[in-house]
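Encoded as structure tokens, the structure appears first; notes follow it.
The values are calculated or read from the model by the stated rules, or taken from the named source; none is laboratory data. On a predicted model such as this, the values are computed, not experimentally measured, just so you know. Here Cβ is always computed from backbone atoms with ideal geometry, including for glycine, and neighbour counts include all displayed protein chains.
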Amino acid sequence: MLISFLMLFLGIFVLVYSGNKMVESAASLARSLGVSGLIIGLTIVAFGTSSPELIVGVRSVTTGVGELASANVIGSNIANVLLALGIPATIMAIPTNTIGVARNASIALFASILLIVMVFINNPLLFWQSFIFCMCIIIYLLWMYKLSSAGSEDPILYELINEAEESHVASSKARLIITLLIGIGGLLLGGHIIVRNAVLIATNLNISETVIGLTIVAVGTSLPEITTVIIASYRGQPQVALGGVIGSNIFNLLAVLGISGLTGPIDVSTSIISFDIWIMLLTAIALVFLVLRRKPIGRKTGVFFLFSYAAYLLAIINSVM
């Protein structure tokens with residue numbers, strides 16, 4: 001049991017580290033080939049930052065534990081709002097009046113509602129439903145590109161382009177290609193380790209893979225977002241935190257579930273349908289409400305988010321006791 005937990009944490013570390021290296025090397029390689037920061041941000045960075053959730057999702061579906069894929073996405077979205085915003089809000093007030101924030105928060109809410117509607121239409125989620133998710137993320141990215149061409153100061157677009165610029169590493173193309181291949185290999189290995197040991201832990205504890213996906217795996221795959229927003233807050237850029245969280249939630253719901261579902265059906269457990277999916281919806285609604293108020297997300301809200309996440313975890317633990 002202890003070995004399985006250690007291997008799970010090792011898998012998360014390998015997954016997150018490899019994802020960062022893959023984005024860094026791919027972005028640098030694209031830059032050396034003359035690709036613009038905008039295109040890099042909307043493709044490599046956008047999908048690369050969600051690569052931990054994506055790899056876990058695809059691996060889960062292809063190994064017959066689709067519940068882990070849906071649990072990871074839903075758990076990650078909950079953690080992104082309550083943890084990744086809660087922590088920096090206790091450090092510095094997060095402004096919500098940045099151009100485009102309300103629009104993107106509304107899109108994240110739409111994506112949450114779309115998932116709920118899809119689940120009630122059919123569970124498990126089938127190929128055609130995942131295809132719709134994929135079409136939605138493609139339309140969203142094309143729209144972002146159009147906004148950039150029009151000179152829009154969209155916070156998510158700014159974050160993607162900024163990360164594309166910061167990911168540039170001066171190195172030879174051969175070394176970048178090798179690093180890219182190692183990063184992809186690490187992602188696949190990390191995903192395999194996570195799924196395998198999540199199943200082993202669930203079996204040994206006589207609980208579903210859903211519980212592991214909603215908690216340990218969800219927080220683990222959300223670590224890049226959590227780390228990014230904390231660093232941004234300390235650097236005096238709290239607005240980056242909000243854009244990063246909203247963007248991550250949109251990509252998790254539309255891209256991760258969409259692409260994962262193209263490889264096979266995605267099961268959504270009855271426990272998620274009766275509880276967790278509504279918590280995810282509430283966090284999305286809360287985010288829209290806070291943004292529409294156009295008042296900074298302050299320390300009190302941050303503390304409330306953190307206590308809410310603790311209560312959520314206790315509710316999950318209590319459900320399996």
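Brief remarks follow.
- Any chance Ile231 is aliphatic (A, V, I, L, M), more than 24 Å from Leu125 (Cα to Cα) and either surrounded by fewer than 24 Cβ atoms within 10 Å (Cβ to Cβ) or under 17 Å from the mean Cα position of the chain (by Cα) (or both): yes
- Cross-chain or 6+ apart pairs with Cβ under 9 Å, region 271-285 first and free of Cβ contacts under 8 Å to residues at least 60 places away in the same chain, then polar (S, T, N, Q): Phe275/Ser319
- Selection count, region 99-118, where residues are closer than 16 Å to Ile297 by Cβ and buried (at least 21 other Cβ atoms within 10 Å of the Cβ): 4
- Looking only at region 61-98, and only at residues there that are among the polar types (S, T, N, Q) and crowded, with 24+ Cβ neighbours inside 10 Å, the one that is farthest from Thr49 (Cα to Cα): Ser70
- Pairs linking a residue in region 1-29 that is farther than 12 Å from Ile184 by Cβ to a residue that is in a helix (DSSP H, G or I) and of a type in the set (D, E, K, R), with Cβ atoms under 7 Å and 6 or more positions apart or on different chains, are Leu29/Lys173.
- Residue match in region 12-26 (condition: touching a helix residue (DSSP H, G or I) at 6+ places or on another chain (Cβ under 6 Å) and at pLDDT 90 or above): no
- Where helices (runs of 4 or more DSSP H) sit wholly within region 55-154, those with at least 2 residues that are at pLDDT below 90 and over 15 Å from the mean Cα position of the chain (by Cα) occupy 86-91, 101-121, 127-149.
- Top-ranked residue in region 271-321 [being of a type outside the set (Gly, Ala, Ser) and not in a helix (DSSP H, G or I); ranked as nearest to Leu82 (Cα to Cα)]: Ile297
- Phe275 vs. criteria over 30 Å from Val58 (Cβ atoms) and among the aromatic types (Phe, Trp, Tyr): no
- Any hit, region 241-257, residues being over 27 Å from Ile139 (Cβ atoms), touching a residue at least 12 places away in the same chain (Cβ under 8 Å), in contact with a Ser or Thr (Cβ under 8 Å, 6 or more places away or on another chain) and buried (at least 20 other Cβ atoms within 10 Å of the Cβ): no
One line per residue, one yes/no per condition, for (1) touching a Gly at 6+ places or on another chain (Cβ under 8 Å); (2) under 21 Å from Phe47 (Cα atoms); (3) at pLDDT 95 or above; (4) of a type in the set (S, T, N, Q):
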site	(1), (2), (3), (4)
Thr227	no, yes, no, yes
Tyr234	no, no, no, no
Ile277	no, no, yes, no
Leu292	no, no, no, no
Gly298	no, no, no, no
Phe305	yes, no, yes, no
Tyr309	yes, no, yes, no
Asn318	no, no, no, yes
